[in-house]
Amino acid sequence: MDFLQDELIKLKHDSLLRELKLVQGPQEAKITIDGRFFINLSSNNYLGLCNDARLKNHAIEAINKYGLGVGASRLVCGSMMLHNELEKRIASFKGFESALVFNSGYSANLSLIPALAGRDDVVFSDRLNHASIIDAVILSRAKLWRYPHVDMQALESFLKRAKRFRRRIIATDSVFSMDGDLAPLDKIVDLAERYDAYVFIDEAHATGVIGKSGRGAIEHFVIDSRRLIEMGTLSKALGSFGAYICGSSSLIDYLVNKARGFIYTTALPVSLCAASLAALDIVENDAYSLNQLRDNIVFFRQSLRSRGVKISDDLTPIIPLLVGDAKKALEFSERLFEQGIFVQAIRPPTVPEGTSRLRITLTAAHTKRDLKFCLDKILTTAKKFGIITSV
Ligand SMILES: *Cc1c(COP(=O)(O)O)cnc(C)c1O
């Protein structure tokens with residue numbers, strides 16, 4: 001199989017080879033790699049809950065009570081009390097009638113879109129949507145019409161030309177994973193109402209982070225529509241693992257019957273449901289982490305701006321520093337790594353050609369001292385690389 005080596009050599013030559021860095025010890029604001037400490041500016045552990053004692057204790061309790069594995073899919077005999085409790089809790093947290101838990105965000109997206117759309121349907125997808133949405137549409141065999149990033153005029157003109165389809169679905173990240181900006185959900189829902197379409201939003205980076213109390217972009221925009229279906233993960237801000245889809249109770253009944261990534265997979269271990277419930281308790285009753293995160297976001301974004309770096313006004317923890325060239329982005333990341341800062345270079349195919357970047361993510365667990373240290377190092381290194389603007 002010579003093609004494997006050939007392809008790897010080509011990736012390396014193009015600065016697109018990906019390699020694993022092994023983290024020793026738990027996921028914290030500082031992590032250990034090769035025995036050295038790094039300030040971690042790459043994680044989606046926004047509320048710093050991945051190693052939180054409250055989540056761990058709930059998980060351990062659940063393991064002691066219910067065991068580790070579930071032994072079967074939900075529909076066979078793997079549906080447990082904690083799955084049900086978590087689903088009720090998510091639905092009420094998100095303000096939907098019903099919710100269904102999936103084993104990951106990737107599999108939730110791959111299950112949902114093919115369950116709703118087929119050959120006679122069209123899915124409108126923002127150009128910068130997460131790979132799992134694109135893969136899901138391809139799997140569904142529906143037409144995939146990609147509109148320029150957050151371009152509502154383009155979306156409307158697509159909708160006008162799509163009356164012949166059986167169903168029209170607009171799919172969008174609510175916080176874009178590599179750009180950190182928000183989709184104009186109010187306008188998207190408005191267009192859906194006018195052109196008889198459904199809206200599917202992916203709140204992977206919004207849940208626990210955006211909106212007054214961390215309920216996501218639907219809280220930020222105050223959106224409530226019968227046309228809305230939402231997906232989110234339990235693995236990012238909530239520090240646990242798994243994902244969910246929210247909607248009407250008929251949608252959830254339908255998915256139990258039709259969503260292949262729900263039907264043909266062993267159910268999520270209930271220890272993770274217990275941890276997610278503990279995380280939701282924290283988000284709902286203890287604003288400390290969210291306030292800490294917001295403080296860090298405002299501090300870091302304002303500091304960048306006051307030093308002449310152009311960044312968007314969005315108050316999300318994802319801050320891209322646009323580099324352009326993949327090789328240069330990789331070198332930028334390596335220079336920071338040498339200085340004790342871990343920021344991943346994001347390169348194609350994760351982002352479009354020519355938009356390689358450093359993707360900085362902030363968490364509640366970073367101290368101001370850490371962030372000041374990072375700011376100085378990032379800015380002096382960025383100057384050496386001739387990078388002064390962001391997307
Ligand atoms: C991370 C992510 C997913 C996948 O979620 P997992 O639970 O990690 O599989 C889906 N959509 C978006 C926008 C994401 O950022």
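Going through segment 130-144 one residue at a time, which ones are surrounded by fewer than 19 Cβ atoms within 10 Å (Cβ to Cβ), closer than 12 Å to Ala171 by Cβ and more than 13 Å from the ligand (Cβ to nearest atom)?
Leu144
State all residues of segment 78-90 that are of a type in the set (A, V, I, L, M, F, W, C) and under 13 Å from Pro269 (Cα atoms); if no residue qualifies, say none.
Met80, Met81, Leu82, Leu86
I need a count of the residues in segment 27-36 that are in contact (Cβ under 8 Å) with a residue 24 or more places away in the chain and open to solvent by less than 70 Å² (accessible area, probe 1.4 Å).
3
If a residue must be part of a loop (DSSP other than H, G, I, E, B), of a type outside the set (Val, Ile, Thr) and either open to solvent by 10 Å² or more (accessible area, probe 1.4 Å) or at pLDDT below 95 (or both), how many such residues does segment 365-391 contain?
Looking only at that region, the number is 3.
Identify all residues within segment 145-168 that are within 24 Å of the chain's Cα centre (by Cα) and away from the ligand (no atom under 16 Å from the Cβ); write none if there are none.
Passing the criteria: Trp145, Tyr147, Pro148, Asp151, Met152, Leu155, Arg168.
If I ask for residues that are open to solvent by less than 20 Å² (accessible area, probe 1.4 Å), closer than 28 Å to Val343 by Cα and either touching a helix residue (DSSP H, G or I) at 6+ places or on another chain (Cβ under 8 Å) or free of Cβ contacts under 8 Å to residues at least 60 places away in the same chain (or both), which ones from segment 37-70 would you list?
Result: Phe38, Ile39, Leu41, Tyr46, Leu47, Leu49, Leu55.
Return the residue satisfying two criteria in turn: it lies in segment 293-348 and is within 21 Å of Gly211 (Cβ to Cβ) and charged (D, E, K, R), and of such residues it is most open to solvent (accessible area, probe 1.4 Å).
Result: Asp313.
Name the residue, out of Glu334, Glu353, that is among the charged types (D, E, K, R) and assigned to a helix (DSSP H, G or I).
Only one candidate qualifies: Glu334.
Report, ordered by the first and then the second residue, all pairs with beta carbons closer than 9 Å, sequence separation of six or more or different chains, a first member in segment 126-150 that is more than 20 Å from Lys187 (Cα to Cα), and a second member that is β-branched (Val, Ile, Thr) and in a loop (DSSP other than H, G, I, E, B).
Pairs that qualify, where the first residue is more than 20 Å from Lys187 (Cα to Cα) and the partner is β-branched (Val, Ile, Thr) and in a loop (DSSP other than H, G, I, E, B), are Ala131/Thr350.
Going through segment 78-127 one residue at a time, which ones are in contact with a Leu (Cβ under 8 Å, 6 or more places away or on another chain), under 25 Å from His149 (Cα atoms) and among the aromatic types (Phe, Trp, Tyr)?
Selection gives Phe124 alone.
Scan Leu17, Leu86 and give me the residue that is touching a helix residue (DSSP H, G or I) at 6+ places or on another chain (Cβ under 7 Å) and free of Cβ contacts under 8 Å to residues at least 12 places away in the same chain.
Of the residues listed, the single one that is touching a helix residue (DSSP H, G or I) at 6+ places or on another chain (Cβ under 7 Å) and free of Cβ contacts under 8 Å to residues at least 12 places away in the same chain is Leu17.
The values are calculated or read from the model by the stated rules, or taken from the named source; none is laboratory data. Quantities reported herein were computed from a predicted structural model and do not represent experimental measurements. All Cβ positions, glycine included, derive from the backbone under ideal geometry; neighbour counts span all protein chains shown. Areas reflect the complete protein model, heavy atoms only, side chains present, ligands, DNA and RNA absent. Shrake-Rupley method; radii C 1.70, N 1.55, O 1.52, S 1.80 Å.
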